[in-house]
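Novice: Below is one structure. I have some questions about it.
The values are calculated or read from the model by the stated rules, or taken from the named source; none is laboratory data. These numbers were taken from a predicted model, which means no experiment stands behind them. FYI the Cβ positions are ideal-geometry reconstructions off the backbone, even for glycines, and counts take in every protein chain you see.
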C-alpha cells in the first residue's frame, strides 16, 4: 500500500508540475501570437495625382505630382516609378520642388521633375503613356497627360 | 514484520514505475513545449517577412529567345532578407533567379532588387499572355527563418 501511495504521490506531483508548465507555456504562446499580430508592416498610401509629359523639341520632361494620402510618413527612397513597364527607378533620383525632400508627410503634396528624357532621340522614354507607382505593398498606375 | 520485505518490494516497484512514468510525461511535455515555442517564434518572423513586386505587372517584358525577364522586388517587411534565397515561378515554371548588381546577400528593408529570371526550359509566350508570377523570399535571420511568398497576375510584353 505504501508503495502505491508513494507512486501515486510522485505521479500526481508530476502532473501538477506539467499542468503548471502548460499554463506558463500557454501564456507565452498567447503573447507570441499577439506579438505576431502586432507586427506593424509599412502601410503607405500615395496618390499619383498627375504625370505630365512635355516635349521641348529636343528633350522630354515629366512632372509627377504625388500626394501622401495615407497616415504614414513615407521615405521617397522607397517610392518607385516606372514608365510603360520600363525599369522602375527610385523617386529619390528625381528633382523635387522642395529641398531636402527626404520624406513625404501625410497630406503633403510634392512635385518632382524628371528631365532630359529621350534627349538622344532613341525612342526610350519617348512619349510615355502610363506611369506605375509602387511603394511597399501599395501600387497604382495613372495615364500620362 | 512478516510484511516488511513485501512492503519494501512494493515501495521500490512503485518508485520505479512512478519514475518511469514521470520521465516519459516530462519528456513528452518538453517536446510539445519546444514545438509550441518554435511555432510562436516562426509566426513572428513570418509576419515580419514581406516582399512586393514593384515592376509594372501589366507590362513585364519577356524575351522568348533568351527565355528571360527582369523583375524588381522590394523588401516591404521589417527585417532584412536573404537575396540568395529568393525563388520565382512564372506560369508554374521554376525559374533560375539571379540578382543583378546586388552587393552580398543582405537585402535591407525598403530596398528594391533587380532580378534576372531565366526559364530552365524553353518557354514561349505570346504577347499579352497573362499568367501567375510567384516570388518567394526568406529572412536573413535563421533562428528561425521567416518566409513569405506573393503571387500576382502579370501580363507579358513580348
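Novice: Being crowded, with 17+ Cβ neighbours inside 10 Å and on the phi < 0 side of the Ramachandran plot narrows it down to one residue among B:61, B:23, B:66, B:51; which is it?
Specialist: On the way: B:61 fails: crowded, with 17+ Cβ neighbours inside 10 Å; B:23 fails: crowded, with 17+ Cβ neighbours inside 10 Å; B:66 fails: crowded, with 17+ Cβ neighbours inside 10 Å.
The unique qualifying residue is B:51.
Novice: Let me ask you something else. So which of B:138, B:108 is touching a residue at least 24 places away in the same chain (Cβ under 8 Å), within 14 Å of another protein chain (Cβ to nearest Cβ) and either under 18 Å from the mean Cα position of the chain (by Cα) or closer than 19 Å to residue B:153 by Cβ (or both)? Before the answer, list the steps.
Specialist: On the way: B:138 fails: within 14 Å of another protein chain (Cβ to nearest Cβ).
Matching residue, one of B:138, B:108: B:108.
Novice: Still on this structure, I have one more. Within the range A:20-35, identify whether any single residue is at pLDDT 80 or above and within 16 Å of residue A:110 (Cα to Cα), and answer yes or no.
Specialist: No, that holds for no residue.
Novice: Follow-up question, since we're still on this one. If residue B:115 meets every condition in (1) more than 14 Å from chain A (Cβ to nearest Cβ); (2) at pLDDT 95 or above apart from one, which number is that one?
Specialist: Going through the list (1) more than 14 Å from chain A (Cβ to nearest Cβ); (2) at pLDDT 95 or above, residue B:115 breaks only (1).
Novice: Of the conditions (1) touching a helix residue (DSSP H, G or I) at 6+ places or on another chain (Cβ under 8 Å); (2) modelled with pLDDT under 95; (3) buried (at least 16 other Cβ atoms within 10 Å of the Cβ), residue B:105 fails just one. Which one is it?
Specialist: With (1) touching a helix residue (DSSP H, G or I) at 6+ places or on another chain (Cβ under 8 Å); (2) modelled with pLDDT under 95; (3) buried (at least 16 other Cβ atoms within 10 Å of the Cβ) applied to residue B:105, the lone miss is (3).
Novice: Turning to a different aspect of this structure: Among A:101, A:119, which is over 29 Å from residue B:69 (Cβ atoms) and modelled with pLDDT under 85?
Specialist: Residue meeting the stated conditions: A:101.
Novice: Please verify whether residue B:32 is more than 27 Å from the chain's Cα centre (by Cα) and not in a strand (DSSP E or B), treating the condition exactly as stated.
Specialist: Numbers: more than 27 Å from the chain's Cα centre (by Cα): no; not in a strand (DSSP E or B): yes.
Against the criterion (more than 27 Å from the chain's Cα centre (by Cα) and not in a strand (DSSP E or B)), residue B:32 does not qualify.
Novice: Is at least one residue of the range A:71-82 farther than 30 Å from residue B:17 by Cα, in contact (Cβ under 8 Å) with a residue 60 or more places away in the chain, surrounded by fewer than 16 Cβ atoms within 10 Å (Cβ to Cβ) and within 14 Å of chain B (Cβ to nearest Cβ)?
Specialist: Checking the range A:71-82: not a single residue is farther than 30 Å from residue B:17 by Cα, in contact (Cβ under 8 Å) with a residue 60 or more places away in the chain, surrounded by fewer than 16 Cβ atoms within 10 Å (Cβ to Cβ) and within 14 Å of chain B (Cβ to nearest Cβ).
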